[in-house]
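A.B. asks: The structure that follows is given in the form of structure tokens.
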Amino acid sequence: MQITPQLAIPLAEITLRASRSSGPGGQHANVTASRIEAVFEIDESTTLSDAQRERIRSRVGPRVTAVAQDARSQAQNRELALTRLRGRLAAALAVQRPRTPTRPTAGSRRRRIEGKRRQSERKSQRRRPADD
């Protein structure tokens, strides 16, 4: 299963479990195991590097799970669960680019000072008048 362009996880490392679904299907759902749960154990994986393993563990924990029970078909739910698992792993492996600090614009500084001035005027008008 292709996660990123550089990483592919063999399906042998993913545990698929089937159980009875609570989703659509009527009486059919009562007798078929169409709900699929895909589980990927990070510590047992041989394809992940130590850095990738640590990144995933810090973001989602030692086990990544995806469940699908949307369709009546077990095969469709299997594909849905694997797609969701792929998305969770890709999101956990994504490296966020560092934020570049920026300075406030002249307009935003002007609006901030103007807002402070208006608030000050509003509060000064609430005060009791001077006894002259």
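Any read-out appearing in this document is the output of simple, stated calculations on the displayed coordinates, not a laboratory observation. Computed from a predicted model, the values in this text were never measured in an experiment. Don't worry about glycine lacking a Cβ; one is built from the backbone with ideal geometry, like all the others, and counts go over all protein chains shown.
A.B. asks: Give or take rounding to whole Å, what are the principal axis extents of the alpha carbon atoms in the stretch 1-87, in descending order?
C.D. replies: 47, 23, 19
A.B. asks: By count of other Cβ within 10 Å, fewest leading, how are 32, 102 ordered? Kindly include the intermediate steps, with their values, before the conclusion.
C.D. replies: On the way: 32 15, 102 6.
Going from sparsest to densest Cβ surroundings: 102, 32.
A.B. asks: Moving on. Which peptide among 82-95, 9-22 comes first, and what is the full order, when sorted by highest mean count of other Cβ atoms within 10 Å?
C.D. replies: 82-95, 9-22
A.B. asks: Separate question: With unit charges on the beta carbon (Lys/Arg positive, Asp/Glu negative), name the residue among 12, 51, 81 whose Cα is farthest towards the positive pole of the charge dipole of the stretch 2-93.
C.D. replies: About the Cα centre, the residue reaching furthest to the positive side is 81.
A.B. asks: Relative to the present Cα-Cα distance, how much length would full extension add between residue 130 and residue 18 at 0.36 nm per residue of separation?
C.D. replies: Full-extension gain reported as 32.4 nm.
A.B. asks: Size of the dipole of the chain about the Cα centre, Lys and Arg at +1 and Asp and Glu at -1 on the beta carbon, nothing else charged, in debye to 20?
C.D. replies: 1440 debye
A.B. asks: Highest GNM mean-square fluctuation, the chain, Cα pairs closer than 10 Å: which of 69, 52, 119?
C.D. replies: Highest fluctuation among the options: 119.
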